[in-house]
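Colleague: Pasting in a structure now, in structure tokens, and then I'll have a few things to ask.
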Amino acid sequence: MRKVILILSDALRYDVAVANMGFLGHLVESKLASLYKIVGELPSMSRPMYETVHTGVPSSVHGIVANSIVRRSKMPNVFQSSKDAGKVTAAAAYYWVSELYNSAPYNRIDDKETDNDSLSIQHGRFYTEDEYPDVELFASAAHLIRKYSPDYLLLHPMGMDYHGETFGSDSKEYRNHAIRQDMWLAPLIQEWMERDYTILVTGDHGINKDGAHGGTTSEQRDVPLFCIQPNVKGRGDTGQIISQLQVAPTILKLLDVPIPDTMKQKPLFLD
Ligand SMILES: [Zn+2]
């Protein structure tokens with residue numbers, strides 16, 4: 001049984017992550033991590049993909065087919081299944097995640113900081129502004145790890161999406177932000193590996209030169225999956241393409257939580 005941190009970097013393109021995230025690249029190069037490519041599910045929109053990543057089912061099944069659908073998840077999901085199995089759950093994430101797994105609509109005051117064992121996300125730190133600084137969010141996540149040692153933590157920064165939508169993906173601002181995220185994450189990943197966490201780094205969707213996503217092109221849907229397991233040899237760049245629907249069952253398998261029947265895809269073989 002392992003503890004898991006999922007870093008879901010909003011709008012982190014596969015090619016930009018591989019080209020600009022040098023610490024993650026080092027872990028891949030030295031076989032301390034495995035790298036896969038995910039051809040993301042559709043539509044390549046945020047709220048639908050948050051739900052897809054956490055339920056392991058496509059948008060037509062979970063029903064969150066647009067960002068405008070504001071309700072709790074109706075499907076078995078990573079947070080609920082983990083909590084039901086007695087695990088401790090946490091998230092430092094955009095408020096749509098609170099709406100999907102804790103309560104909707106979001107209350108900016110009551111829901112921003114949550115420590116409640118009865119909720120699916122027991123320890124939550126949420127934000128509502130797209131330009132909320134990633135480095136501050138990373139500190140919130142790091143604090144939750146130190147204070148509560150959650151079995152599962154979601155870290156969900158918006159910086160790539162914000163810079164991509166503002167300047168387009170073919171911009172120094174978007175690319176440089178990938179470098180910054182990698183730089184901020186490097187010491188945290190070191191600490192979390194020492195705390196025996198398995199760390200997964202991926203995106204919900206990509207983004208195109210126009211600063212848009214939602215469509216079917218590879219720039220809008222291809223995201224990386226870096227898998228870092230302490231004390232387990234990584235496979236480097238596997239060259240493999242995997243399904244985004246494998247993320248949820250992979251997390252549950254690592255946590256030793258029963259995988260719900262609704263999650264049809266096989267978990268990744270990580271050990
Ligand atoms: Zn997004």
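Every number here is computed from the coordinates shown, using simple stated rules; none is lab data. The model shown is predicted, which means the values in this text are computed figures rather than measured ones. Neighbour counts run over all protein chains shown; Cβ positions are idealised from the backbone, glycine included.
Colleague: Please specify each residue of segment 69-102 satisfying the condition of being in a loop (DSSP other than H, G, I, E, B), among the β-branched types (Val, Ile, Thr) and within 18 Å of the chain's Cα centre (by Cα). Full working, then the answer.
Modeller: Applying the first criterion (in a loop (DSSP other than H, G, I, E, B)) to segment 69-102 yields 69-77, 85-88, 102.
Imposing the further condition that a residue be among the β-branched types (Val, Ile, Thr) reduces the set to 69-70, 88.
Listed by number, the list holds a single entry, Val88.
Colleague: I'd like the full set of residues that are small (Gly, Ala, Ser) and within 12 Å of Thr89 (Cα to Cα), limited to segment 101-140.
Modeller: Of segment 101-140, the ones small (Gly, Ala, Ser) are 103-104, 118, 120, 124, 139-140.
Of everything in segment 101-140, those that are small (Gly, Ala, Ser) and within 12 Å of Thr89 (Cα to Cα) turn out to be Ser118, Ser120, Gly124.
Colleague: Search segment 29-51 for residues that are within 24 Å of Ala92 (Cβ to Cβ) and hydroxyl-bearing (Ser, Thr, Tyr) and pair each with any residue that is within 10 Å of the ligand (Cβ to nearest atom) and part of a helix (DSSP H, G or I) when their beta-carbon atoms are under 8 Å apart and the residues are at least 6 apart or on different chains.
Modeller: Filtered contacts from segment 29-51: Ser46/Trp96; Ser46/Asp161; Tyr50/Trp96.
Colleague: How many residues are part of a helix (DSSP H, G or I), more than 13 Å from Val201 (Cβ to Cβ) and within 16 Å of the ligand (Cβ to nearest atom) when one looks only at segment 17-49?
Modeller: Of the residues in that region, 4 qualify.
Colleague: Can you name every residue in segment 1-16 that is part of a helix (DSSP H, G or I) and within 16 Å of the ligand (Cβ to nearest atom)?
Modeller: Pass one, segment 1-16, residues part of a helix (DSSP H, G or I): 14-16.
Correct list: Tyr14, Val16.
Colleague: Further question: Only one of (1) free of Cβ contacts under 8 Å to residues at least 60 places away in the same chain; (2) under 23 Å from Ile242 (Cα atoms); (3) among the hydroxyl-bearing types (Ser, Thr, Tyr) fails for Thr166. Which number is that?
Modeller: Failing condition for Thr166: (2).
Colleague: May I pose another question? Please verify whether segment 146-157 includes one or more residues that are hydrophobic (A, V, I, L, M, F, W, C) and more than 23 Å from Met49 (Cβ to Cβ).
Modeller: Taking segment 146-157 and keeping what is hydrophobic (A, V, I, L, M, F, W, C), we get 153-155.
Applying the additional criterion that residues be more than 23 Å from Met49 (Cβ to Cβ) yields none.
Taking every residue of segment 146-157 in turn, none turns out to be hydrophobic (A, V, I, L, M, F, W, C) and more than 23 Å from Met49 (Cβ to Cβ).
Colleague: What single numbered condition from (1) crowded, with 17+ Cβ neighbours inside 10 Å; (2) touching a residue at least 24 places away in the same chain (Cβ under 8 Å); (3) out of contact with any Leu (no Cβ under 6 Å at 6 or more places or on another chain) fails to hold for His62?
Modeller: His62 satisfies every listed condition except (2).
Colleague: Got a number for residues in segment 28-46 being under 17 Å from the mean Cα position of the chain (by Cα), surrounded by fewer than 21 Cβ atoms within 10 Å (Cβ to Cβ) and among the charged types (D, E, K, R)?
Modeller: 1
Colleague: With the requirement that a residue be in contact with a strand residue (DSSP E or B) (Cβ under 8 Å, 6 or more places away or on another chain) and more than 19 Å from Gln80 (Cα to Cα), what does segment 245-271 give you? Even if it seems obvious, please write down each step before you answer.
Modeller: Taking segment 245-271 first, the residues in contact with a strand residue (DSSP E or B) (Cβ under 8 Å, 6 or more places away or on another chain) are 247, 250-251, 254-255, 265, 268, 270.
Once the filter is applied, which keeps residues that are in contact with a strand residue (DSSP E or B) (Cβ under 8 Å, 6 or more places away or on another chain) and more than 19 Å from Gln80 (Cα to Cα), segment 245-271 yields Leu268, Leu270.
Colleague: Test Ser82 against the stated conditions and say whether it is within 16 Å of the ligand (Cβ to nearest atom) and among the small types (Gly, Ala, Ser).
Modeller: Working: within 16 Å of the ligand (Cβ to nearest atom): no; among the small types (Gly, Ala, Ser): yes.
In short, no.
Colleague: Looking only at segment 133-178, which residues are outside any helix (DSSP H, G or I), more than 16 Å from the ligand (Cβ to nearest atom) and surrounded by 20 or more Cβ atoms within 10 Å (Cβ to Cβ)?
Modeller: Taking segment 133-178 as the starting set, the residues that turn out to be outside any helix (DSSP H, G or I) are 133, 149-158, 168-171.
In the following step, the residues that additionally are more than 16 Å from the ligand (Cβ to nearest atom) were identified as 133, 149-153, 170-171.
Hits for segment 133-178 are Pro150, Asp151, Tyr152, Leu153.
Colleague: Being among the aliphatic types (A, V, I, L, M) and away from the ligand (no atom under 12 Å from the Cβ) is the filter here; which residues of segment 201-245 pass it?
Modeller: Of the residues in segment 201-245, the ones among the aliphatic types (A, V, I, L, M) are 201, 207, 212, 223, 225, 228, 232, 241-242, 245.
Those that are among the aliphatic types (A, V, I, L, M) and away from the ligand (no atom under 12 Å from the Cβ): Val201, Leu225, Ile228, Val232, Ile241, Ile242, Leu245.
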